[in-house]
Amino acid sequence: MEIIDKNKGKRIVIDPISRVEGHGKVTLLLDENNRLQEARLHIVEFRGFEKFIEGRPYEEVAVIVQRLCGICPVSHHLAAAKAIDQLVGVNQLSPTAEKIRRLLHYGQVLQSHALHFFYLSSPDLLFGFETDLHRRNIIEVIKDFPDIGRQGIQLRKFGQDIIQAISGKKIHGVVAVPGGINRSLDIPQRDALRAQLPDILKKSKKAVAIARDLYLSNIDIHKNFGFIESSFLSLVDSKGALELYDGNIRIKDKAGKIFKDQLDDNRYFDYIQEEVRSWSYMKFPFLSELGIEKGWYRVGPLARVNNCAFISTPLAEQARKEFIQFHHGLAQAPLAYHWARMIELLHCAEQIENLLQDEDITGNELVVKGCPQEEGIGVIEAPRGTLFHHYKINEEGLIQKANLIVSTTQNNQAMNDSVREVAREYIDGQEITEGALNQIEVAIRAYDPCLSCATHAMGKMPLKVELFDHNGELLDTKIKSSV
Amino acid sequence: MPQTINIDKQNIPFSEGQSIIEAAEQAGVYIPHLCHKAGYKAHGSCRLCTVTVNGRWVSACTEPAEAHQQVENNTRELQSQRRAIVQLLFAEGNHHCPFCEKSGNCQLQAVAYSLDMHDTHFAHQLPQRSLDASHPDVLLDRDRCIQCELCVRASQEYDKKNVFALSGRGPSTQLIINSESGKLKDSQINKNDEAIKVCPTGALMNRSKPFSIPIGQRQFDKIPIDQQNTCVPDTTEAST
Ligand code: SF4
């Protein structure tokens, strides 16, 4: 942490932010009276995937882009694969391919949600936001709450087991190929996963109860913590049900009314734009129709559970009803993300159970052929929210243009605003306590941001370079504009 | 009584006209190599199969086996020299195993693992090399080419086509295509050609079924190259 006097105002920097995926920085700008003027979440990592896949053969892309992330590589693999299916002219996969990809996706969401809730966030919720930093980690959770700690580890492991069984590796495996998959499950693998199901379903159900109870245990603080109001964007199926793999876009406004429904996700560029700001590598997406100021929105578990009319699996649907009833139709509190996240985890466990009973997952029809096209778009609900992959290729099948809008990016404005709200509440003048520092991190962490994923673009961000001498005198400034 | 050579204190029979590496392969003794393949004319360019014969350094693929040769193969010094050669190959090309389709079926990668190579050690040269994706079924990614000329030999000797050649000198050496445009699409290449199957890296690939071999079923996923019966990877499955 550093505190810098800058002109008349003061700047407080929190760097780095811990227990989020990647590296970010927060700057709080105070006015002359030491009141909070502005809060900024800076993303200081730089990745550049959109640029360096240019010129590569399309068939490699689903394997390259999953390297964006070590937490949700499967989501990138599958979003890219869906786009590549379009490039090879396939609109409908074989039942085996579709179900194997879905099974993989549910395994991925389950393991990512378990990781985030139990490993990254439960220490804050169980020990309290102001508890000594050294206590707030999964090791201490295992010591003090062994059942909860073990539960998190087992749930995550089950998700990883599914990923490994299908894609060959726990991280960065390969299964999706143009128009399908390269293998289905064999019977022993399927049976080994099936055997774990009763325990996993029990633990998933309990995970919802833990998240709910922790949220309600301190409801007065939790419901107002970093509170902001926004609209929500997510995929739903044709009947409005929660859909994680393939659907159409629904947007609800901040009052909970459906603002847009069943938008074609392949036309995302008609209604979503991205703004670039000089101080962050992460862009700011917004709904074109509402403009930069009013058009920002949230994605992820809270958006999905808020947006859907129902969940197709019974246990998760029951949990959703309780969640929605408690929030009178729409939850806006950032900490409610955790509860929603565990409802989704339960849904994934139920979906995995359904798929493991389905004969198609051991089928042989793996790949479908089609008539190649020059453009492909793949949209999926990744653990952290809606993920867009868009590619254009030339006549040789080499990538000409790529556009990725990742989940964390779409929560960018919301994270900045939640940080501002928390800082207003907990930062007093230039005093910044360890507890207050973590309050800010807790607000960011609620969104489960993946800062590595969010900074994949290259060549588009404005860059400001300043040259100082040893006395701190500014010698030169160069600004590279964003256009 | 057959004549023998001695490799690392083991007597190995050979027949007249065999090279040291051929005799070794026949006896199931692994000598690391990249530009050599059984049934192909010796090339002697990669130097990975360097052994000592009666104390003298020679390449096992070009040195004829002769009775009573005392050959040292699996020594610390030779393995360390071989590791340095493979590190140089990685440093002077652009080999990105994490997204290369050949990963797991790649002889360069497998040799690197068997030589216990953990990094490239030498600074990456990051050469600018072009990709030829003009053919619908065959991809040439020069970034991954180690200039072993196996494809050149296969195209001439097996496919009877003469599609490939090396051109240029030193760092600017590159694989060129024998066609009017210099592109694969105007050459005589076919996706089933031996020239594609023989490539020890992901430089020449059949494009028609990308990533179709699952992880776990690739040639070197389970058994390291130095413990596989044949020293010559069968890439048929990988590239068809
Ligand atoms: S393309 Fe493959 S076979 Fe041909 S020279 Fe390069 S590495 Fe050797």
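Geometric descriptor of segment B:4-74, per residue, is 74 Å³ (volume of the convex hull of the Cα atoms).
Cα-based radius of gyration for segment B:79-222, normalised by 2.2 N^0.38 Å, reads 1.04.
Relative contact order of chain B, please, whole-number percent, based on alpha carbon pairs below 8 angstrom and at least 6 residues apart. Averaging sequence separation for qualifying contacts and normalising by length gives 19 percent for chain B.
Candidate cross-link partners of residue A:203 among the aspartates and glutamates, defined by an alpha-carbon separation under 17 Å and a same-chain spacing of 8 or more, comprise A:147, A:161, A:213, A:317, A:344, A:350, A:353.
Cα-based values for chain B, radius of gyration first and Dmax second, are 18.0, 57 Å.
In this calculation the C-beta distance from residue A:310 to residue A:154 is compared with R0 = 25 Å, giving a FRET efficiency of 0.30. Excluding residues on the same chain fewer than 8 positions from residue A:260, give the lysines whose Cα lies under 19 Å from its Cα. Result set, ordered by chain and number: A:239, A:252, A:294. Model label sites at residue B:130 and residue A:32, defined 7 Å from Cα along the beta-carbon direction, differ in position by 6.5 nm. Expressed per residue, the C-alpha convex hull volume of segment B:36-116 stands at 112 Å³. Where does the Debye-calculated log10 I(q)/I(0) of segment A:168-231 sit at q = 0.20, 0.25 Å⁻¹, using only Cα point scatterers of equal weight, no solvent? Those come out to -0.90, -1.10, one per q. Grouping the Cα pair distances of segment A:185-310 into 10 Å bins from zero gives a pair-distance distribution of 11, 28, 29, 22, 9, 1 percent in increasing distance order. Modelled this way, with points 7 Å down the Cα-to-C-beta line, the labels at residue A:216 and residue B:62 are 8.1 nm from one another. Using a cut-off of 21 Å between Cα atoms, the listed pairs A:99/A:392; A:99/B:191; A:369/B:222; A:157/A:206 include A:99/A:392; A:99/B:191; A:369/B:222 as exceeding that distance.
A crude spin-label estimate for the pair residue A:395 and residue A:241, with each label 7 Å from Cα along the Cβ direction, gives 4.6 nm.
Of the complete DSSP H runs in chain B, those spanning 18 angstrom or more by Cα along the long axis with a mean Kyte-Doolittle score not below -1.0 are B:76-92.
For chain B, modelled as a GNM whose springs connect Cα atoms under 10 angstrom apart, the maximal fluctuation among B:60, B:195, B:91 occurs at B:91. Coordinate range of the alpha-carbon atoms in segment A:71-164 per principal axis, descending: 55, 22, 15 Å. Between residue A:365 and residue A:229, residue separation times 0.36 nm minus the direct Cα-Cα distance comes to 44.3 nm. In segment A:331-448 the Cα-Cα distances spread across 5 Å bins starting at 0 as 2, 9, 11, 12, 13, 13, 11, 10, 8, 5, 3, 2, 1, 0 percent of all pairs. The tail of the calculated P(r) for the protein assembly as shown, taken as Cα-Cα distances beyond 40 Å, holds 42 percent of the pairs.
Of the residues A:57, A:276, A:315, the one whose Cα sits farthest towards the positive end of the charge dipole of the protein assembly as shown is A:315 (charges of +1 on Lys and Arg Cβ, -1 on Asp and Glu Cβ, taken about the Cα centre). If R0 is 41 Å, the Cβ-Cβ spacing of residue A:258 and residue A:139 corresponds to a FRET efficiency of close to 0.40. In plain terms, if you count all Cα to Cα distances in segment A:244-295 and split them into 5 Å steps from zero, the share in each step is 5, 17, 23, 24, 18, 9, 4 percent.
Backbone phi angles across segment A:364-376, fed through the Karplus curve with coefficients 6.51, -1.76 and 1.60 (θ = phi - 60°), yield HN-Hα couplings of 10, 7, 9, 10, 10, 9, x, 9, x, 10, 8, 9, x Hz in residue order; Gly and Pro are listed as x.
For segment A:287-364, the normalised intensity computed at q = 0.16, 0.17, 0.22 Å⁻¹ comes to -0.67, -0.72, -0.95 (log10 of I(q)/I(0), Debye sum over alpha carbons, equal scatterers, no solvent). Cross-link partners of residue B:102 among aspartates and glutamates, defined as those whose alpha carbon lies under 12 angstrom from its own and excluding same-chain residues fewer than eight positions apart: A:60, B:141, B:221, B:237.
None of the figures in this text is laboratory data; all of them are computed from the coordinates on show. What you are looking at is a predicted structure, and each value in this text was computed from that prediction instead of being measured. With ideal geometry, Cβ positions are generated from the backbone for all residues, glycine too; neighbour counts draw on all protein chains shown.
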